[in-house]
Amino acid sequence: GIPRPGSRKDMAAILCQQDLVSIPSISNEPSSEQDIARAARWLLQELSSIGFAAEIIQTKGHPVVLARSPSGSEDSQKRLLFYGHYDVQPIGELEDWTHAPFKPEVIDEDGVKRFYGRGASDSKSQLWTFIEALRAWKSVMGEFPAEIIVMLEGEEECGSPSLPEFIQQHRQNLECDVAFICDAEMWSPTQPAITTQLKGLLHERVTVSAPNPDLHSGHYGAVAANPIRILSSILAGIHDEKGRVTIDGFYDGVRDLPEVLRKQWDALSQYPGLFDSVELSGGVTEEGYSPLEAMWGRPTVDINGITGGNQGPGERSVLPGTATARLSFRLVAGQEPEQVRRSFRNYVESRIPPGCSVKFEGVGGSSAVVLSQESPFLAASARGLEAEWGQPAVLRGTGGAIPLVQQLSEVLGAECVVIGFILSTDAIHAPDENYDTERLRKGARSWGRVFGEIQRMQPADRFDRNRSS
């Protein structure tokens, strides 16, 4: 039932997807509030047009689009939740874009039909694949493949601050056998993947202040405190020469990977061209670990930005009064976000010289998630993906975080399956973000095959929703 390439339905789906990409739904820019609302209404109309009972639910932040298929499906014992996000990252500097960020059009580049735009890959094309699959399935079969819940949020790119409360408030309406999160990567342009291990995440902002405001560096540079120098020294000391984090207590609870999994990841590390799109010279891999094990299975601290003093185009001989750094912590199983936050703050505070002060900003955080590889829903998904792509799905980890997976697992007691069709060459979060029409088509067809495999699951394989109550 999924449209074939070049068909009228196929082209209509691509054009419709471009309409969605053209909406500048940037969640962390206040000026985009009306565009966020416009994207939500657009999705509401699309879901309603294929038979969903859909509504826009306001949160303390941006709205959630929640839709449910009509009751009375032939196989009502299975209830599937599909999650996606319709908000996008800021565009950065417009002059860095070769193609307009919100005027997508299909361009033939060396035989690949590609469209550019912020959110083209992350993650509007992702959510569109399962909406198109549901549309095609219902058009051919006359009904949906199971009871379907669709939840589309508008805050993922700014940390999903309203989502935990939303899930708690609507937990009965979200109860499901399995939650599919379509916001992940393929293994290669021709081989699908299912992500089974995700890192946790927390952010910290630290500001070091001198006892003085900005001063003339010629007069006082030799004697007064310089917050940039102090902060730079603290940040430089976070890692040793072997790539290990020096913060006391940082590795508390961290365990080495099971040997079987480590061998799997070592084998995947040998994949030809795995790191061809990124130059790793100058980087430091933690000693004793393969690149993929370091990326997927080891905790990290990254300095995301540092500011202070003269940031303008001209010279200004200033001794700054403050310096600020932003850091992100990628956590693995066994680490508690708040314990890591306390350890980091203790590390910084112990290195602040007399007369200076430090201020921290940062709340919350998410723990790492390790999903079962024994799930019958994962097995059905792997069969469906292999049927479409002609290659077995790689069970992979990721250095990224999707806090929603932990929330759905803990609050709903549901199994989660993380599938996506992003490639490392899509320039997500960067200028000229892009996607190609073949992946859009095959992504939708993949979901159609997954639906078929789930329908063929034996009753004993179905998840017992009562066990979470």
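Select from the stretch 432-449 the residues that are under 20 Å from residue 386 (Cβ atoms) and of a type in the set (D, E, K, R) and list them in ascending order. Correct list: 438, 439, 441, 442, 445, 449. Whether any residue in the stretch 136-145 is of a type in the set (Ser, Thr, Tyr) and either modelled with pLDDT of 95 or more or buried (at least 18 other Cβ atoms within 10 Å of the Cβ) (or both) is what I want to check. No: the stretch 136-145 contains no residue that is of a type in the set (Ser, Thr, Tyr) and either modelled with pLDDT of 95 or more or buried (at least 18 other Cβ atoms within 10 Å of the Cβ) (or both).
Here's the yes/no breakdown for (1) of a type in the set (A, V, I, L, M); (2) part of a strand (DSSP E or B):
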| residue | (1), (2) |
| --- | --- |
| 374 | no, no |
| 378 | yes, no |
| 381 | no, no |
| 396 | no, yes |
| 401 | yes, no |
| 407 | no, no |
| 432 | no, no |
| 439 | no, no |
| 444 | yes, no |
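Starting from residues that are of a type in the set (Asp, Glu) and within 27 Å of residue 335 (Cα to Cα), keep the ones in the stretch 255-293 and report whichever is surrounded by the most Cβ atoms within 10 Å (Cβ to Cβ). Don't jump to the end; show me each part of the working.
First pass over the stretch 255-293, keeping only residues of a type in the set (Asp, Glu): 256, 259, 266, 276, 279, 286-287, 293.
Then drop every residue that is not within 27 Å of residue 335 (Cα to Cα), which leaves 256, 259, 266, 286-287, 293.
On the way: 256: 12, 259: 8, 266: 14, 286: 17, 287: 11, 293: 21.
Only one residue fits best here, namely 293.
Considering only the stretch 239-247, I want to know if a residue exists there that is of a type in the set (D, E, K, R) and within 30 Å of residue 373 (Cα to Cα). Yes - at least one qualifying residue is present in the stretch 239-247. Any residue in the stretch 44-55 that is at pLDDT below 95 and open to solvent by 60 Å² or more (accessible area, probe 1.4 Å)? Within the stretch 44-55, none of the residues are at pLDDT below 95 and open to solvent by 60 Å² or more (accessible area, probe 1.4 Å). Restricted to the stretch 315-333, and to residues that are open to solvent by 40 Å² or more (accessible area, probe 1.4 Å) and small (Gly, Ala, Ser), which residue is nearest to residue 158 (Cα to Cα)? Applying the filter and picking the extreme gives 333. Selection of the stretch 256-290 for residues being β-branched (Val, Ile, Thr) and not in a helix (DSSP H, G or I) yields 278, 284, 285.
Taken over the stretch 245-255, the criterion of being over 25 Å from the mean Cα position of the chain (by Cα) and either at negative phi or not in a loop (DSSP other than H, G, I, E, B) (or both) is satisfied by 246, 247, 248, 252.
Can you say whether residue 122 is open to solvent by 40 Å² or more (accessible area, probe 1.4 Å) and closer than 24 Å to residue 446 by Cβ, as far as the supplied structure shows? No; evaluated as a whole, the condition is false for this residue.
Specify which of the listed residues (162, 233, 188) is of a type in the set (S, T, N, Q), under 30 Å from residue 324 (Cα atoms) and open to solvent by less than 30 Å² (accessible area, probe 1.4 Å). Before you say what the answer is, go through the steps one by one.
Numbers: 233 fails: open to solvent by less than 30 Å² (accessible area, probe 1.4 Å); 188 fails: under 30 Å from residue 324 (Cα atoms).
The unique qualifying residue is 162.
Going through 336, 386 one at a time, which residue ends up being open to solvent by 20 Å² or more (accessible area, probe 1.4 Å), at pLDDT 95 or above and within 19 Å of residue 297 (Cα to Cα)?
Numbers: 386 fails: within 19 Å of residue 297 (Cα to Cα).
When all the criteria are applied, what remains is 336.
Could you go through the stretch 332-350 and let me know if any residue there is closer than 24 Å to residue 193 by Cβ, part of a strand (DSSP E or B) and out of contact with any helix residue (DSSP H, G or I) (no Cβ under 6 Å at 6 or more places or on another chain). No, the conditions are met nowhere in the stretch 332-350. Residue selection: residue 411 satisfies the criterion of being in contact with a Leu (Cβ under 9 Å, 6 or more places away or on another chain), open to solvent by 10 Å² or more (accessible area, probe 1.4 Å) and part of a helix (DSSP H, G or I).
Could you please find all residues in the stretch 294-311 being out of contact with any strand residue (DSSP E or B) (no Cβ under 7 Å at 6 or more places or on another chain), in a loop (DSSP other than H, G, I, E, B) and open to solvent by less than 40 Å² (accessible area, probe 1.4 Å)? Across the stretch 294-311, the qualifying residue is only 298.
Checking the stated criteria, residue 354 turns out to be modelled with pLDDT of 95 or more, in a loop (DSSP other than H, G, I, E, B), open to solvent by 60 Å² or more (accessible area, probe 1.4 Å) and not basic (Lys, Arg). Residues in the stretch 206-227 that are of a type in the set (Gly, Ala, Ser), assigned to a loop (DSSP other than H, G, I, E, B) and surrounded by 15 or more Cβ atoms within 10 Å (Cβ to Cβ): 210, 224, 225.
The values are calculated or read from the model by the stated rules, or taken from the named source; none is laboratory data. Since the structure is predicted, the reported quantities are computational estimates derived from the model, not experimental observations. Note: ideal-geometry Cβ built from the backbone for every residue, glycine included; neighbour counts use all protein chains shown. When the accessible area is computed, the model is the full protein with side chains, heavy atoms only, and any ligands, DNA or RNA have been set aside. Shrake-Rupley method; radii C 1.70, N 1.55, O 1.52, S 1.80 Å.
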